[in-house]
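Just below is one structure, and these are the notes that go with it.
Throughout, read-outs are computed from the coordinates displayed, never taken from laboratory work. These numbers were taken from a predicted model, which means no experiment stands behind them. No Cβ is skipped: glycine too gets one built from the backbone with ideal geometry, and neighbour counts run over all protein chains shown.
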Amino acid sequence: MSFGQPNQPYGQPQDPQQGYGYPQQGQPPGYPQQGQQPGYPQGQQPGYPQQGQPPGYPQGQQPGYGYPQAPQGVPPQGGYGYPQQPGYPGGPGVPPRVASMGRRFGARLIDGVAFTVIYFILAAIGVAGSFSAAQDCDPSAADYNTCINDASSSMVASIGAVVGVFALIGLLYEWLMVGLVGATLGKMAVGLRVVKADTGQKPGLGSSFIRWIIPIVGSLACGIGQLLVYLSPFWDKSGRQQGWHDKAASTMVVQN
C-alpha cells in the first residue's frame, strides 16, 4: 500500500491542472495563472495597489486630501489669485492679463482729450450767445448799463450751464459706458476693459457708479484726492493694480 504516486515530491498537488500559485505545465510565460484575473501582473489582484503604492490612490498618484492632483507642468485652476470665469478675456483656466499703468494712463488721456474738446465746444456756444446779447446794447440808451449787466449775468449763467452739462455728460459717459459696456472709448482704443474682480463680468451700474464717484469726491480737495486715487494702483500689493476706487467697487482693469 503506497501513499501518493511514486516519484512525486512532498507538497506537490495531485492534479497537475491545479497549482498553488505555480504556473501550469506547458503554459507560456506572461499568462495569468489559474484563478488569477486576466490583465493583472503576477501576484497582483484587482483593486489592490502595487507594492509601494499608497492604498486608495491610482498608480502614480500621491495622496492629496481627497482631490486628484494636477498634471505636471499645468498650472492649477484658479492660480495667480484670480478666479477662472468665462468673463475674463482668456476664458476658463487662463488668468487675466492685468492692465499696465501705461495703458491706463493712455486711456485716461484719450478720454480727457475728448472731454476737453466737448467742453470747449459747449463753452464757445454759451459765450457766443452772451456776446451777441451784449452787442445788442445801445451805448446811447439810458438803460445801457442795465443791458450790459444783464448780458454779463447771462454769460455767467451760460458758463454755469456749460459746467453742469459737462458734469452730466461726464457722469453718463463714465458711469454708463463702464457699467454696461465695460470700457470707455479711451479704454477701447488701448484694449482695456473693467471687470468684476471675482467673476470677470461687466461691473454693472452699481459698481460703476462707486468707481466713478470716489475720484469725483477726491477732486473736491483741490484735485489732490482725485490724483491720489488715480495713482493708488502703484501701491496695490495684490498684483491686480487695483486703485482705491477699484477696491471699493470690487473691480479691476484687464487687457483684452
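The table for this structure:
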quantity: Sorted by Cβ density within 10 Å, fewest first, the residues THR251, THR146; calculated: THR146, THR251
quantity: Total charge dipole magnitude, segment 101-255, about the Cα centre, Cβ charges on Lys, Arg, Asp, Glu only, Debye to nearest 20; calculated: 1240 debye
quantity: Residues VAL181, VAL117, VAL254, VAL98, sorted so that the one with the fewest Cβ neighbours within 10 Å comes first; calculated: VAL117, VAL181, VAL98, VAL254
quantity: Positive-end residue of LEU122, LEU205, CYS147, charge dipole of segment 101-255 with Cβ unit charges; calculated: LEU205
quantity: Euclidean distance between Cα centres, segment 174-237 to segment 105-131, Å; calculated: 21 Å
quantity: Ranked CYS222, CYS147, criterion: other C-beta atoms within 10 Å, fewest first; calculated: CYS222, CYS147
quantity: Gain in span if fully extended, ILE213 to ILE121, counting 0.36 nm per residue against the direct Cα distance; calculated: 30.6 nm
